[in-house]
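Throughout, read-outs are computed from the coordinates displayed, never taken from laboratory work. The structure presented is a predicted model; accordingly, all values stated were derived computationally and were not measured. Ideal geometry is used to build each Cβ from the backbone, glycine not excepted, and the neighbour counts take in all protein chains shown.
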């Protein structure tokens, strides 16, 4: 079972000829509206890959919440631990250029009211994979990490967006995933190189550093490995990192090895990049299986 503690947003996605510079207005032809938020994206990605998933987070009692929860419900994610608040549901504005690159602004809203206590101790067992990100309060994330560690759950932390957590919390996770920007930020705080191997040596936990079109590097106490990216022409990279984390969690939760899980998650992220949108672009297990079989 996978338990996700994280953000739930509604995304406004703008396809633009280029990402706006400070003070610049750029016109695009349409606006795409769909569910998002790193926590919700990762929960949907894991559920679409066949995992049993529980989502914990917070939304407002507003019209945004209905759409923000739509694809979680369609993926049969358990939403009984999602709190309703008087604060507006989180919302993100995403600009996407013709190369698939993006720039994102987020109004956190109800996400700032998510509490670790929404997840009871009974859900934190050695059979649980706990998935975390950094779009809800860091103190709540840290508290949940320590509770999960004490009860033997597997903990996957996606340090995105990069933000401070106590060193004890970082060392308590089983797997820490970062992209290149997040790795640079973390390395500066740990006074080490931003490679997966150097970060692993500093924290003594498994590090996965994603490198976009250059694949990823993973470092464990047994050594490091590089896994290449799928060679694709991206349409929109929004949610690709969340797709990677969710499918990684699902594969590990099924008992796959780290290497096998990384290869599956890499394939899923590539498929995500080939579709426009955020949460709606996350692939289903059958799509991942078909693509892997066709390109084997």
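Taking the Cα atoms of the range 1-122, the ratio Rg/Rh between the radius of gyration and the Kirkwood radius comes to 1.03.
Remark: the residue 33-residue 284 segment gains 88.3 nm on full extension, using 0.36 nm per residue and subtracting the alpha carbon distance. In the chain, Cα pairs under 8 Å separated by at least six residues give a relative contact order of 19 percent. Between 235, 259, 80, the GNM of the chain built on Cα springs shorter than 10 angstrom shows 80 fluctuating the most. Once C-alpha pairs closer than 8 Å and six or more residues apart are averaged by separation and normalised to the residue number of the range 40-106, the relative contact order reads 32 percent. The Rg/Rh ratio for the range 196-282 is 0.99, where Rg is the radius of gyration of the alpha carbons and Rh is the Kirkwood radius. Take every DSSP beta bridge whose two residues both sit in the range 21-148; close to 50 percent of them are antiparallel. For the range 98-142, the alpha-carbon coordinates run over 46, 24, 14 Å along the three principal axes, in decreasing order.
Secondary structure note: in the chain, about 40% of the DSSP beta bridges are antiparallel. Kirkwood hydrodynamic radius of the range 202-251, from the reciprocal of the average inverse Cα-Cα distance over all distinct pairs: 12.2 Å. Taking every alpha-carbon pair under 8 Å whose residues sit at least 6 apart, the range 1-148 reaches a relative contact order of 31 percent. Summary of packing: across the peptides 12-18, 36-42, 203-209, the per-residue average of other C-beta atoms within 10 Å ranks them, highest first, as 36-42, 203-209, 12-18. If the chain linking residue 191 and residue 1 were pulled fully straight, counting 0.36 nm for each residue of separation and taking away their Cα-Cα distance, it would gain 64.8 nm.
For the chain, the 222 nm mean residue ellipticity estimated from helices alone, with every DSSP H stretch of n ≥ 4 adding -39500 (n - 2.57) and the total spread over all residues, rounds to -10000 deg cm²/dmol. Extension gain, residue 19-residue 86: 0.36 nm per intervening residue step, less the Cα-Cα distance, totals 20.8 nm. For the chain, a Gaussian network of Cα nodes joined below 10 Å ranks 139, 253, 49 by mean-square fluctuation, and the top entry is 139. With the gyration tensor restricted to C-alpha atoms of the range 242-296, the semi-axes of the equivalent ellipsoid amount to 18, 13, 8 Å, longest first.
Protection proxy ranking of 20-29, 111-120, by the mean of other Cβ atoms within 10 Å over each peptide's residues and highest first, is 111-120, 20-29. For the range 134-172 versus the range 23-39, the spacing of their alpha-carbon centroids is 30 Å.
When both the range 40-55 and the range 235-278 are represented by their alpha-carbon centers, they are found 11 Å apart.
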